[in-house]
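Written out below as structure tokens is the structure these notes cover.
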Amino acid sequence: MEFLIEYGLFLAKVVTVVVALVILVTVLVSARQQGAQSEPGRLEVKHLNEAFEQVAKSLNQAMMSHEGQKSAQKTAKKEEKQRVKAEKAALKRSEKDSDAEETAAPRVFVLNFEGDIEASAVSSLRQEVTAVLTVASGDDEVLVRLESAGGVVHGYGLAASQLRRITKQGIKLTVAVDKVAASGGYMMACVADKILAAPFAIVGSIGVVAQMPNFNRVLKKHDVDFEILTAGKYKRTLTMFGENTDEGREKFVEELEETHTLFKQYVAERRPQVDIEKLRPARPGMDNGRCRCS
């Protein structure tokens with residue numbers, strides 16, 4: 001009996017320590033997640049012109065002889081010194097004449113959007129668009145490299161509205177599609193002034209789809225009751241665990257049709273040259289911004 005009492009006390013101590021460790025780990029993980037959510041996003045800016053010039057320079061040097069490479073390096077150093085000297089001289093002239101304004105060359109801002117079912121990249125897109133709009137002028141252009149097969153309506157509606165901010169400010173917007181911009185992806189793409197697509201890219205799919213499994217018969221088989229309490233006749237039309245009705249299905253399809261109508265109106269406003277009702281079945285490619293998909 002004494003052994004059992006001591007063992008029970010020992011076991012209680014072990015359980016207490018384990019529970020305390022679990023609580024501590026849970027608190028630390030929760031604090032880290034909250035901290036990550038509260039931290040502002042970080043933007044990474046790359047100067048593409050410099051990257052392309054560096055690649056071309058590396059290729060040219062690789063095809064030169066050893067003597068040619070040495071000569072090219074000397075020339076590059078000389079040109080760099082001249083460039084720095086010219087920049088310093090320009091800065092001095094600017095300081096002397098504060099009223100003189102230098103006309104900047106038009107710029108192209110390249111953004112990337114890789115969409116998933118939830119359009120989770122919209123949070124980054126919002127920050128990127130905000131950053132671009134703080135420095136871009138009417139002479140600049142924004143190019144969005146878009147890849148998405150679509151997803152939830154509200155997520156891609158928000159993503160499309162972020163691109164709409166660019167065109168509202170009078171800045172030219174181009175969307176480039178390498179593989180696919182369908183459904184919600186096309187909702188974003190049609191905001192652009194111009195759409196560029198690879199020859200076999202899938203662009204379009206102006207439709208709405210919804211699907212869900214139903215486990216009601218499985219629950220009944222195992223004598224499991226499932227109840228849904230709602231206030232409002234159509235607060236819940238279809239459910240995964242309850243028994244669905246024809247009335248609920250009809251209402252659900254009605255809501256899908258309403259969403260589809262809104263989608264078509266959204267596209268028609270931004271692509272008035274397209275007769276959506278006469279579009280052929282989905283096929284790849286674009287032609288001067290005219291969608292050939294449905």
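The values are calculated or read from the model by the stated rules, or taken from the named source; none is laboratory data. Computed from a predicted model, the values in this text were never measured in an experiment. Every residue, glycine as well, gets a Cβ built from its backbone with ideal geometry; the counts of neighbours run over all protein chains shown.
What the table below lists for this structure:
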quantity: Failed item, numbered, when Q273 is tested on (1) surrounded by 13 or more Cβ atoms within 10 Å (Cβ to Cβ); (2) at pLDDT below 90; calculated: (1)
quantity: Segment 189-209, residues that are in contact with a helix residue (DSSP H, G or I) (Cβ under 9 Å, 6 or more places away or on another chain) and assigned to a loop (DSSP other than H, G, I, E, B); calculated: C190, V191, A192, D193, S205, I206, G207, V208, V209
quantity: Flag if I171 is over 30 Å from G248 (Cβ atoms), surrounded by 23 or more Cβ atoms within 10 Å (Cβ to Cβ), β-branched (V, I, T) and out of contact with any Pro (no Cβ under 6 Å at 6 or more places or on another chain); calculated: no
quantity: Residues of segment 133-159 satisfying the condition of being surrounded by fewer than 21 Cβ atoms within 10 Å (Cβ to Cβ) and closer than 11 Å to G115 by Cβ; calculated: E147, A149, G151, V152, G155
quantity: Every pair of residues 6+ apart whose Cβ atoms lie under 8 Å, when the first sits in segment 171-188 and is part of a strand (DSSP E or B) while the second is of a type in the set (S, T, N, Q); calculated: L173/T167; V180/S148; A181/S148; A182/S148; A182/S205
quantity: Of the criteria (1) assigned to a helix (DSSP H, G or I); (2) out of contact with any strand residue (DSSP E or B) (no Cβ under 8 Å at 6 or more places or on another chain); (3) not charged (D, E, K, R), which one M212 fails; calculated: (1)
quantity: Test: I206 is surrounded by 16 or more Cβ atoms within 10 Å (Cβ to Cβ), over 16 Å from the mean Cα position of the chain (by Cα) and touching a residue at least 60 places away in the same chain (Cβ under 8 Å); calculated: yes
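Listed here are the residues, each with its yes/no results for (1) modelled with pLDDT of 70 or more; (2) under 32 Å from the mean Cα position of the chain (by Cα).
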position	(1), (2)
M1	no, no
A20	yes, no
V25	yes, no
A36	no, yes
H47	yes, yes
L59	yes, no
S65	yes, no
A72	yes, no
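Yes/no per residue for (1) farther than 27 Å from V108 by Cα; (2) surrounded by fewer than 19 Cβ atoms within 10 Å (Cβ to Cβ); (3) more than 16 Å from the chain's Cα centre (by Cα):
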site: V175; (1), (2), (3): no, no, no
site: D178; (1), (2), (3): no, yes, no
site: G184; (1), (2), (3): no, no, no
site: C190; (1), (2), (3): no, no, no
site: D193; (1), (2), (3): no, yes, yes
site: Q211; (1), (2), (3): yes, yes, yes
site: N214; (1), (2), (3): yes, yes, yes
site: R217; (1), (2), (3): yes, yes, yes
site: F226; (1), (2), (3): yes, yes, yes
